[in-house]
1. Go through region 1-35 and give me each residue that's in contact with a Phe, Trp or Tyr (Cβ under 7 Å, 6 or more places away or on another chain) and among the hydrophobic types (A, V, I, L, M, F, W, C).
2. So is A140 among the aliphatic types (A, V, I, L, M) and farther than 21 Å from A19 by Cα or not?
3. State whether one or more residues within region 330-340 are crowded, with 16+ Cβ neighbours inside 10 Å and touching a Lys or Arg at 6+ places or on another chain (Cβ under 6 Å).
4. Only one of (1) among the β-branched types (V, I, T); (2) at pLDDT below 95; (3) outside the structural domain of L60 (by TED's automatic domain parsing) fails for V187. Which number is that?
5. May I ask you to list the residues in region 53-82 that are of a type in the set (A, V, I, L, M) and without any contact (Cβ under 8 Å) to a residue 60 or more places away in the chain?
6. Name the pairs whose Cβ atoms lie under 8 Å apart, with the first residue in region 464-484 and in the same structural domain as A451 (by TED's automatic domain parsing), the second among the acidic types (D, E) and in a helix (DSSP H, G or I), and 6 or more positions between them or separate chains?
Amino acid sequence: MNVGLAFRRNAVRYPKQTALFDVGLQRRDVTWAELEERTNRVANMLGDRLGIAPGDRVALLVANRPEAVEVLGGITKSGAVYVGLNFRLGPTELDQIIDNARPRLLLCDTEHLPQTVEAAEKYGLEVLDIDAEPYRSLVAAGSPAPPATLHEVRSDDDFCIVYTSGTTGRPKGVLFDHARVLQHATVTALEYEISRHSRYLLQIPHNSSVNISIVPALLMGAALGFRDSRSFDPQGFAETVDRQGVSHSFLVPTQLVRLLDRLPPAHDGLLGGLVTLGYGASPISPERLGELVGRFGNIFNQLYGMAEIASIGTMLRKEDHRRGLTERPELLGSCGQPSYVVDVRVVDAEQRDVAAGERGEVIFGGPYVMKGYYRDPERTAESLRDGWIYSGDVAEIDDEGFVYIVDRLKNLIIRGGLNIAPTEIENVLYRHPAVLECSVVGVPDADWGEAVLAVATLKEGMAVGPEELREHCRRSELTSIKVPERVELIDALPKNAVGKIAKDEIRRRYWGEGRQV
């Protein structure tokens, strides 16, 4: 079995059923029969016209739009490896990813074509604009018949590379084969109750949604729709859910909080058709979670995991939310119990399971643990040991198997569901001539989960204000979400016994002050 066969199977079983539904782009819905033909044409174009061979990487850089599924389907049917790129990538991150993935081809839309120019020149990368005539003509000329490669792709062949930020700031390419992705998709369909009758609305970026949303929908024959992920409009989201009969979606906690704060209660009924609203990627307070269930009903499923296990490690299911509101309030502060087929352990420094109530590191095992970091054996060896993925998260586990995250060993800042590496921001600050030392940490933020705080000391005789340092960051290669909301200038940074900057001390100093913007 491979992911490409899901298109074929759905086209045979449900040829006239909607595969892609329009959300206001003035395009008509696409049936499974039409999507099957279109993905065949893309696959044959890649192989016959562009010389893409099985195992070659093909990257996609577009905002949320239905063509993402068409391109993914064509890539996988050709036997190539799909590389989804975040359109928010800055030039440094994009360069690092292209250097690691070394794709044979990059597909983008007209809006994001300028982002590709430098990488295309540096790496001799062929770029095709999917909105332009050359691409359209090439696809139209491709054969509508299934490509020969469709049935040649094995379950252990590579399917995709998912890029995620690491503590060093250099993106890591998480590699999955078809078997791993399909096993995870089966678990996702069970946990989120996805069927061929479901209508799934993507509101977070498509490149982050391949394993948690797109492939599960393809596997089950559910319809997919896409909303622009660049700005979350609670009213627009709710109206789309109502107008399109949406049954499933996935949001990050920042978006859930905006639903609570910005959607008028009189419009709550617009979300009445939702069967399951998934969430995850960053913490949310138990109090706000209780408000969500109280207003919108028992429709919420929280996942906890990491890109290295496709997504799902533990689940706080709908019944757990109900129990949290009626009999065990502490459950709303947990991230749930282990999901199907995945083994979740909390271990000490000697890899021994800790007792209930004790703290240790969360590790994951199971059939959809990543193959490794693409072309990065050293970091693979650090994270993947004897088949177990080490999360870097410190947690406790109770007698019922519920996991409670206490802290992160790694220093990633999770802002609006996005991982931010402090070292990347620190490197920019160190380029300012007045900065002697600096450290960047995450501090509580009511809207975004965490805000970016930079603490710095200045060189003797130098004078600079916090706003000037923020402006220095804004003028750098950092994307806007990584620019510190606040910069504190102090006399000396706290150090540990070996002279390293003590981030824990900095966090303790500012953690209790509430929102830091």
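1. Correct list: V3, A11, A19, V23, W32, L35.
2. Values: among the aliphatic types (A, V, I, L, M): yes; farther than 21 Å from A19 by Cα: no.
No: the conditions fail for A140.
3. The first filter runs over region 330-340 and keeps only residues crowded, with 16+ Cβ neighbours inside 10 Å, leaving 331-339.
This time we only want the ones that are touching a Lys or Arg at 6+ places or on another chain (Cβ under 6 Å), so: 331.
Yes, region 330-340 contains a residue that is crowded, with 16+ Cβ neighbours inside 10 Å and touching a Lys or Arg at 6+ places or on another chain (Cβ under 6 Å).
4. (2) is the only condition that V187 fails.
5. In the first step, residues of region 53-82 are kept if they are of a type in the set (A, V, I, L, M); the result is 53, 58-63, 68-69, 71-72, 75, 80-81.
Residues satisfying the conditions are A53, V58, A59, L61, V71, I75, A80.
6. Note: pairs meeting the criteria are L478/E424; K482/E424.
One line per residue, one yes/no per condition, for (1) outside the structural domain of P484 (by TED's automatic domain parsing); (2) in contact with a Ser or Thr (Cβ under 7 Å, 6 or more places away or on another chain); (3) not small (G, A, S):
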| position | (1), (2), (3) |
| --- | --- |
| A349 | yes, no, no |
| R352 | yes, no, yes |
| K371 | yes, no, yes |
| R379 | yes, no, yes |
| S383 | yes, no, no |
| G387 | yes, no, no |
| D398 | yes, no, yes |
| G417 | no, yes, no |
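Results for (1) without any contact (Cβ under 8 Å) to a residue 12 or more places away in the chain; (2) outside any loop (DSSP other than H, G, I, E, B); (3) surrounded by fewer than 21 Cβ atoms within 10 Å (Cβ to Cβ); (4) among the β-branched types (V, I, T), shown as yes or no for each residue.
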position: A266; (1), (2), (3), (4): yes, yes, yes, no
position: G273; (1), (2), (3), (4): no, no, yes, no
position: A281; (1), (2), (3), (4): no, no, no, no
position: R288; (1), (2), (3), (4): no, yes, yes, no
position: V293; (1), (2), (3), (4): no, yes, yes, yes
position: N298; (1), (2), (3), (4): no, no, yes, no
position: S311; (1), (2), (3), (4): no, no, no, no
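The values are calculated or read from the model by the stated rules, or taken from the named source; none is laboratory data. What you see is a predicted model; the values in this text were computed from it and never measured. All Cβ positions, even for glycine, are placed from backbone atoms using ideal geometry, and neighbour counts span all protein chains on display.
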